[in-house]
Each structure stands twice: as structure tokens, then as C-alpha cells.
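The values are calculated or read from the model by the stated rules, or taken from the named source; none is laboratory data. Source: prediction; values computed, not measured. Positions of Cβ are generated from backbone atoms using ideal geometry, with glycine treated the same way; all protein chains shown enter the neighbour counts. These accessible areas exclude ligands, DNA and RNA; they are computed on the full protein's heavy atoms, side chains included. Shrake-Rupley method; radii C 1.70, N 1.55, O 1.52, S 1.80 Å.
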Amino acid sequence: MVHFTTEEKAAVASLWAKVNVEAVGSESLARLLIVYPWTQRFFDSFGNLHSESAIMGNPKVKAHGRKVLNSFGNAIKHMDDLKGTFADLSELHCDKLHVDPENFRLLGNIILIVLATHFSKKFTPQMQAAWQKLTNAVANALAHKYR
Amino acid sequence: MSLTRAERTIIVSMWSKISTQADAIGTETLERLFSCYPQAKTYFPHFDLHSGSAQLRAHGSKVVAAVGDAVKSIDNVAIALSKLSELHAYVLRVDPVNFKFLSHCLLVTLASHFPADFTADAHAAWDKFLSIVSGVLTEKYR
């Protein structure tokens, strides 16, 4: 089980308080679909994903990005039990959505890059390390129920 | 996998900005690598890896200079990095997974230093370019 130190929890919480969930969420999902175009395979129902501007402006991408990042907010409230917190979502992503867990790692890394563009120098190596641990742990929790 | 003309243009033009802060970017990339992926430190038992160390700065410069060489020969990265490829295959033998970690940390560093330039298209171009560079550096491994 992943253990977060007091400092790591504090670092994550302090940045999260300043995160624009709508902006970071939608931008992260959009970048996933742009940087790794094969991930579009999960979003046939999303309409126009034919160009960078189409993806960035797509309302379904924005809405879904916000939803995904909101669940990160939930993770931050339960950093001591991520596997329990994400058990149902894990089953959903395996049994219904059929998403390769590698995609959780890809999205997690993109979230960090988007945070870096938003927070610039404040996104120090130490801040990245705490958040990297969180995104890795969330990815593992989401993959935990796969069978 | 090869770069489109548009991707090459993005990389070359961003490089002219990046190269003015090359050393700082190299050092920061390595700091991020060792903070987030401490297992990467196993390749540097002979280094002082504390923040501010001269060795860290020197090595960061080296890494960024190599990326710069790849940018200058963006149409033929394999030729430009051929010696480095052999070094990694026969001498250093760094596990290939670490190139992904290093590339990711360089992307975070670029995003942090150049937020306005690091658009989604630029992000895609750099991600692709760094995976080409990583591929060249590991292509002689076996």
C-alpha cells in the first residue's frame, strides 16, 4: 500500500486548493487525445476529434475532463485508501469500458505537465514528486480490480 | 514513427529559446528525475546528486547538449547520436524504461519554463521527438 508522508499530503493539498478543475481537467483530457491519438479509440461518441483545435474546444471532452479531475479531488480526500476509494471505478473501467490501464499512467503524466504549465516555477521537483506519487497510485488503484 | 514538417518546425523554433537556458533546464530535468524516480539514482553511485552539485549541473548540460545535437540534425537523429547510442548499448546499459522517465521530466521542465509556448501541439511534437531520440539511444541494445 502506498504511504504518503505528511509533507507529501500537505504539498498535494496546497496545490489542489489553487487548481482550476475545469481548466486543468479539460486540458489534460484534450492533450491525451492530441499527444496520443490512439486514445481516441475510447471516445467514438464524442464527435469531432479531427484537429487540435477541435479537440480542445470539444464540449464533451471538456465535460469528461472535468469529471475525471473531480475524481482526483476525491482521491486527495482519501489518500490513505486509494484502492478502496477507486474499487468501483476500477471495475467499471475493466468490465464496462475496457480501458488498458496504461492509459491511466499516460493521463496521470499529462495532468502533471498541465499543472506545470499552470503553476510554472511553483511546480518544483518536490511538488512534482508528491503529485507523481499520487498519479501513479491512482493509476494503480484504478487497475487494481482488473481481471 | 517520424516527425511531420510542422512538428520539426515547432521543435527547431522552440529550441532557439530553450538553448538560452540550456544548462538550467538540464539540471532541473535531472533534479526532477531523481526526485520522482529515485531508482534512476542507481546509475550514478559515483555522483553527488544533491541540488546544486557541480556534477549534477555538468551532467544536465551534457544531456541537454545531446538533445540539441538531435535537434540540429532533426532529419537524421540516428546519425547524430550514433556514438551516444553505442555508449548506452555497450557501456552504460541504462534500462530502456529510464528514457521514458527522463523524457517525461524534460517535458515537465519545458512546460514549467515555457508555459505559453508549450501548447498541446508543441507537447505532442516534443513527446514524439523525445521518443524518437530514446529509440535511437536504445536501438543497439540487442
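For B:S82, what charge total do you get from the other residues with a beta carbon under 15 Å from its beta carbon, if Lys and Arg give +1 and Asp and Glu give -1?
-1
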Report, in deg cm²/dmol and to the nearest 500, the calculated mean residue ellipticity at 222 nm for the protein assembly as shown, where each DSSP H run with n ≥ 4 adds -39500 (n - 2.57) and the sum is divided by the residue count. -20500 deg cm²/dmol
Positive-end extreme of charge dipole, the stretch B:5-138 - chosen from B:T20, B:L81, B:L130 (charges on Cβ): B:L81
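At 1.4 Å probe size, with the rest of the protein present, what percent of the exposed accessible area of the protein assembly as shown is carbon and sulfur atoms?
56 percent
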Rg and Dmax of the protein assembly as shown, Cα atoms only, in Å: 19.0, 54
Nothing charged except the Cβ atoms of Lys and Arg (+1) and of Asp and Glu (-1): what's the magnitude of the dipole of the stretch B:5-138 about its Cα centre? Round to the nearest 20 debye. 140 debye
If I model a spin label at B:A54 and A:K121 as a point 7 Å from the Cα along the Cα→Cβ vector, what separation in nanometres do I get? 2.7 nm
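What percent do you get for the relative contact order of chain A when only Cα pairs under 8 Å and 6+ apart count?
32 percent
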For the protein assembly as shown, give the magnitude of the charge dipole about the Cα centre (Cβ charges: +1 Lys/Arg, -1 Asp/Glu; no others), in debye to the nearest 20. 20 debye
Segment B:T9-B:Q21, length gained on full extension (0.36 nm per residue, minus Cα span): 2.4 nm
Everything considered on the Cα gyration tensor (a ≥ b ≥ c; rounded for a/c under 1.5, else prolate if a/b is larger than b/c, else oblate), chain B must be described as oblate
Reduction of at least 10 Å² in accessible surface, 1.4 Å probe, comparing all protein chains with the chain by itself, residues of the stretch A:51-97: A:E52
Picking from B:A80, B:A24, B:A124, which is most flexible by a Gaussian network model of chain B using Cα springs under 10 Å? B:A124
Whole-Å distance linking the alpha carbon centroid of the stretch B:52-89 with that of the stretch A:1-55 is 31 Å
Starting from the alpha-carbon convex hull of chain A, give the projected area averaged over all orientations, in nm². 8.4 nm²
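With a sphere of radius 13 Å drawn around the Cβ of B:A120, what net charge do the other residues whose Cβ falls strictly inside it have (Lys, Arg +1; Asp, Glu -1)?
-4
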All other residues with a Cβ under 15 Å from the Cβ of B:H50 taken together, and with Lys, Arg as +1 and Asp, Glu as -1, what is their net charge? 0
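How much area per residue is accessible in the protein assembly as shown when the probe is 1.4 Å and only protein heavy atoms are counted (Å²)? Can you show the working numbers first?
Numbers: 14250 Å² over 289 residues.
About 49 Å² of surface per residue is accessible.
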Using the alpha-carbon centroid of each, what span in Å lies between the stretch A:105-147 and the stretch B:97-142? 16 Å
Please state the relative contact order of chain B as a whole percent: Cα pairs under 8 Å, 6+ residues apart? 35 percent
I need the shape label for the stretch A:8-90. Rule: rounded when a/c is under 1.5, else prolate if a/b > b/c, else oblate, with a, b, c from the alpha carbon gyration tensor. prolate
Expressed in square angstrom to the nearest 10, the accessible area of A:E8 with a 1.4 Å probe stands at 40 Å²
For the stretch A:16-111, give the magnitude of the charge dipole about the Cα centre (Cβ charges: +1 Lys/Arg, -1 Asp/Glu; no others), in debye to the nearest 20. 280 debye
Which of the residue pairs B:K41/B:K100; B:K17/B:K72; A:K18/A:K60; B:K17/B:K83 have a Cα-Cα distance greater than 20 Å in the structure shown? A:K18/A:K60; B:K17/B:K83
